[in-house]
1. Just the residues that are in contact (Cβ under 8 Å) with a residue 40 or more places away in the chain, in a helix (DSSP H, G or I) and either β-branched (Val, Ile, Thr) or more than 7 Å from every other protein chain (Cβ to nearest Cβ) (or both), please, taken from region B:615-638.
2. Any residue at all in region A:111-126 that's of a type in the set (Gly, Ala, Ser), more than 21 Å from residue A:227 (Cα to Cα), free of Cβ contacts under 8 Å to residues at least 60 places away in the same chain and more than 12 Å from chain B (Cβ to nearest Cβ)?
3. Go through region B:359-368 and give me each residue that's buried (at least 24 other Cβ atoms within 10 Å of the Cβ) and either in contact with a Gly (Cβ under 8 Å, 6 or more places away or on another chain) or within 13 Å of residue B:234 (Cβ to Cβ) (or both).
4. In region A:167-182, how many residues are in a loop (DSSP other than H, G, I, E, B) and more than 9 Å from chain B (Cβ to nearest Cβ)?
5. Can residue A:140 be described as part of a loop (DSSP other than H, G, I, E, B), within 16 Å of ligand 2 (Cβ to nearest atom) and more than 12 Å from every other protein chain (Cβ to nearest Cβ)?
6. What's the number of the only condition in (1) over 30 Å from residue B:37 (Cα atoms); (2) without any contact (Cβ under 8 Å) to a residue 12 or more places away in the chain that residue B:593 fails to meet?
7. Does residue B:555 fit the bill of being within 14 Å of chain A (Cβ to nearest Cβ) and free of Cβ contacts under 8 Å to residues at least 12 places away in the same chain?
8. Taking into account only those residues within region A:143-157 that are part of a helix (DSSP H, G or I) and free of Cβ contacts under 8 Å to residues at least 24 places away in the same chain, which is farthest from the other protein chains (Cβ to nearest Cβ)?
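The values are calculated or read from the model by the stated rules, or taken from the named source; none is laboratory data. Computed from a predicted model, the values in this text were never measured in an experiment. All Cβ positions, even for glycine, are placed from backbone atoms using ideal geometry, and neighbour counts span all protein chains on display.
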Amino acid sequence: MNDSTGNDSTAISVDAGHPAVRFEDVTKRYGGVVAVDAIGFDIAPGTLVTLLGPSGCGKTTTLRLIAGLEQASGGRILIDGTDVTALSAAERDVSMVFQSYALFPHMDVMENVSYGLKAMGLKKAEVEARAAEKLSLVGLSGYEKRQPSELSGGQQQRVAVARAIVLEPKVLLFDEPLSNLDAKLRRRVRDEIRGLQQDLALTVVYVTHDQEEALAVSDRIIVMRSARVAQDGTPRELYNAPASRFVADFMGDANLLEATVGKHHGEVAEVRVGPLSLDLPHRRIVPGAAALAVRPHAVRLAAASDGKGAIEGRVTKAAYLGDHMEYTVTTVSPEAELFATDADVNRPHAVGAEVAVRLDPESVVLVAND
Amino acid sequence: MTRPTPRLESTFPARNVGAWLLLAWAGFLIVPWYIVEGGFFSFGWLADFASHGPAVLQGLQGVPWLLPLILPLLAATWLWARRRTAGLAVAGGLALAWMAVEGLAIIHSGWGFSWLAELAGTKGPVQPGMGWGAVLYALSMLMLLAADFAGRGWCKGDRFVVGSLLIVIATLVIFVAYPLISILSSAVRDNSGDFAPALFSEKLFSGSIWSVDCLAGGRNCGVAWNTLFVAVLVGLFSTALGLALALIALRTQIRAKWLLRGLSILPIITPPFVIGLALILLFGRAGIVTNFLSVHLGIPRSRWIYGVAGITMAQVLAFTPIAFLVLVGVLQGVSPSMEEASQTLRASRWRTFRTVTWPLIRPGLASAFLIAFIESMADFANPLVIGGNFNVLSTDIFFAVVGAAHDQGRAAVLAIVLLVFTLAAFLIQRQWIGKRSYVTVGGKGDGGVPAPLPRGLRLGAYGIAAPWLLLTIVVYAIILVGGFVHQIGRDNTPTLEYFLTAFSIEKGVGGWFLSGSAWPSLTMTLTLALIAMPFTAAIGLLTAYLLDRQRFAGRTLFEFLAMMSFAIPGTVVGISYILSFNVPPIQMTGTGLIIVISFVFRNMPVAIRAGLANLGQIDRSLDEASLTLGARSFATLRRVMLPLMKPAIVTAMIYSFVRAMTAVSAVIFLATGRFNLATVYIVGRADVGEYGIAIVYAAVMIVLMMVILVGIQLLVGERSLGRRRAGAEAMPIAA
Ligand SMILES: Nc1ncnc2c1ncn2[C@@H]1O[C@H](COP(=O)(O)OP(=O)(O)OP(=O)(O)O)[C@@H](O)[C@H]1O
Ligand SMILES: [Mg+2]
């Protein structure tokens, strides 16, 4: 974020001290379906916040509630400190980049980008200057007279972004902006969006169901599950300290093992996983049954001869991926299918081999059962 | 960099509310409240301001019941000054309610309700119909109501949407629902206007409607049975023919585009009675075929065509194209890949047709049947021309009003019976068969080659369709040449006599003028149809927009009311307009306005369908993008939707124009000497046996409309569809 207090225009909204977006117990019902269930969060100005969650959890609905394309059934929505709950989309200072880009097919690139400025009633000269500026910002100078149908997918996407930021909205919304692009372009466009957001200190709310994308671009991530917020935090917090099994499962390919938490001793507790016993931060999880989230690289495999005090397992799949190995290991106690990666590619474990499984205490985290 | 001007202003729409308030005050203080003799736009009322005065003057001079209307105005103005919308709905609602109450309670002849007269014991005060002042006042009050509703978050707080919704609903209530209610209320009253339930049930259950004498060897069955009988016959024949034609057009080598094109245009441009007329010329007592048979084969002349046979034949010829269109849509919806799948499973062609295709098109068949059934019952002109002594409901309604009997009560009762029949068929068609079968006309199938028809079926289809096609060709040939010979069938020497009588142009003292007898009605029809055209398109497309893009409580009911006018027979519309708009509060009979209004609301469903089909192809995210860019819904409609809806606009305009030109059943009640219409004129000529002029006129109309259709199609062409590829694939947001 830009922490200089210079004449940067967006600093005004930062100074005001309001969150750029605030949800207070917002609910959205479609008939009997509750798409968003009394959720609340704050989004700080100048940050990129991602809404992440499985399909149907209410991400798009939340985004549309911010935009004013849906009217909340309950609760309050504030933008920059002003209650906008009853305002229509046109009256909110929010722009949106649509999944399908939604470029107006009967207008050329320039007309598309200047649409919002014209709707605001600005003078023609100013409209054109501003639109041209934003077009060059997204690298599309020279394409002004093209029709949307004459552009590639990535270019259409950039026109959509230019059209949205030309109004310098208080909040910019993206609904799965990369889903129509191929894998390589995704990475690039993702980085461009992030770069633009940081350069202009935009407040962005970004919807995706791809956790890697979320980790890569976000200042903060709001994980949603069945119409509610499951966890709200920085990427690091979510990865290292998932609030629930669900979050741990959703963020990265964590293995979840049944574990038993023993007595707390200060910050740590003794945790038993099958025959293993580890001293781990208890994170205020009460003694009793819980789950252990184990990242694939935290699974240490050794030859079975070395197995004292370790979990016994058997390799059921092994794949060579150049710089690392990927294994699937079946264990009996605790009963699990572990997904493991190993940097040692020179002495692989064969499929069918009995192995001793240990866990790196640095890369495992205790989570409460849901 | 400058920040954009803030988009959040005060949420009170001061300018909007202020403007409507101003208009309401004008309607109350300046513009004449009542109808002005000689027309508002003659501005004669300015000279005679005191007696043609605005509500406030009238109120002070003996019509005190107008004075309360100032209270809502004052209240709304007070709210405006305090920058509040909450409460405007109460003011507006009270104003409209009071207008309805005083308008219905006090009419030109005294109390509007007989119980009021009994209560008061006097004839009561009188007032004429509402004029422009009342219209302005009511419209403004409606819009103030909308401002309040929008302020409460209706339709996402969008004033334009709420306002349009209220306007469309109000017009539907006034011009669709209110006339229907008037029918009911005059059905239960006797001719002097008193409540007479006994008379009503006597009329409703009278033998002339329900008798089944003909089954027991008597001469006549009730008119309801007659109507149903013909309608069922027509439904069955039209569906069978339509299916045969659709199968030929889509599933045989003769995939003739011209057949499709021709068949889809014919029913639109043909005035409905023309076919009946042609049948008389062919099979009437002096018809061509009859002559031939009697001269060469000695078969005696008879009047068999005048009655069930003639009506059924004419209607089958007229409505088969409609059944055909429905079934083409249905057949196109049957994905060839399903049939291919069946064939790869080793099913024979016949088996594939029987087990895959047939079940898939069965709902479509029912739909085609019901549509032809409705059309047959609603048809007025063919039974009038060719029905002879065989009466059906629609003609009986007409004769009950214009005939010597002049029994409005009986007309109303007959109208109710007819309406119940058609509405029931309409409801069944919608509920039971669903919407898919008639919306998909012109829908796209996926790849793959449709299975060819089994041989037997193919021959059957040819066998059924060929006679119909032949007869159709003969009918149109007769229409086109019949008016240019002396007496077709008897004296086939060419003549321009009829054409000149109808369409001559002469040079007189003041220059050229249209001296032919048909010109006045033709120009009048063109004028009124042209005036109705943009309004029909506008209100129909607006309704389609509201239906497709907005969610609001009562949407289904709204859609039903809007589409219902499809199922209201023209005769019922005609009689209901006479019953409701002949007297205050809304007095319009004898004007061109009422004809235009009947055009608009009769043809509105066509525009709605064109709009819905078009809107279905425009991704919702386009309007949402526009909204989030700060354009309100009106700007969005104008700058994004309208340009993309060009095809629907053109379709709606053409169809509403052409249908207005060919309409007869409703307007035959509404046309007057001054506002005479082409179709009414033709029916009149045919009625007195002047077939020459009638046919020449019909031919001119058909050619004229063909030219217009083709011309517009060439002019607009596929151009409007040129660059119609939205940004990317359709997006599943809020599907
Ligand atoms: N217009 C609607 N009418 C009824 N239910 C709806 C509507 N829109 C969304 N829903 C429901 O609300 C829930 C949340 O939908 P939403 O579109 O917000 O999901 P999402 O998180 O964006 O999912 P995805 O990742 O698949 O896009 C879903 O169960 C959906 O079926
Ligand atoms: Mg979504």
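1. B:615, B:620, B:623, B:633, B:634, B:637
2. Of all residues in region A:111-126, those of a type in the set (Gly, Ala, Ser) come to A:114, A:116, A:119, A:121, A:125.
Narrowing the set further to residues that are more than 21 Å from residue A:227 (Cα to Cα) leaves A:114, A:116, A:119, A:121, A:125.
When the remaining residues are screened for being free of Cβ contacts under 8 Å to residues at least 60 places away in the same chain, the result is A:114, A:116, A:119, A:121, A:125.
Applying the additional criterion that residues be more than 12 Å from chain B (Cβ to nearest Cβ) yields A:125.
Yes: one or more hits.
3. Initial filter on region B:359-368 (buried (at least 24 other Cβ atoms within 10 Å of the Cβ)): B:364, B:367-368.
Answer for region B:359-368, where residues must be buried (at least 24 other Cβ atoms within 10 Å of the Cβ) and either in contact with a Gly (Cβ under 8 Å, 6 or more places away or on another chain) or within 13 Å of residue B:234 (Cβ to Cβ) (or both): B:364, B:368.
4. 7
5. Against the criterion (part of a loop (DSSP other than H, G, I, E, B), within 16 Å of ligand 2 (Cβ to nearest atom) and more than 12 Å from every other protein chain (Cβ to nearest Cβ)), residue A:140 does not qualify.
6. Only one criterion is unmet by residue B:593, namely (1).
7. Working: within 14 Å of chain A (Cβ to nearest Cβ): yes; free of Cβ contacts under 8 Å to residues at least 12 places away in the same chain: yes.
Considered against the rule, which asks whether it is within 14 Å of chain A (Cβ to nearest Cβ) and free of Cβ contacts under 8 Å to residues at least 12 places away in the same chain, residue B:555 comes out as yes.
8. Kept after step one, since they are part of a helix (DSSP H, G or I), are these residues of region A:143-157: A:148-150, A:153-157.
Add one more test, that the residue is free of Cβ contacts under 8 Å to residues at least 24 places away in the same chain, and what stays is A:150, A:155.
Values: A:150: 9, A:155: 11 Å.
Of everything passing the filter in region A:143-157, A:155 is farthest from the other protein chains (Cβ to nearest Cβ).
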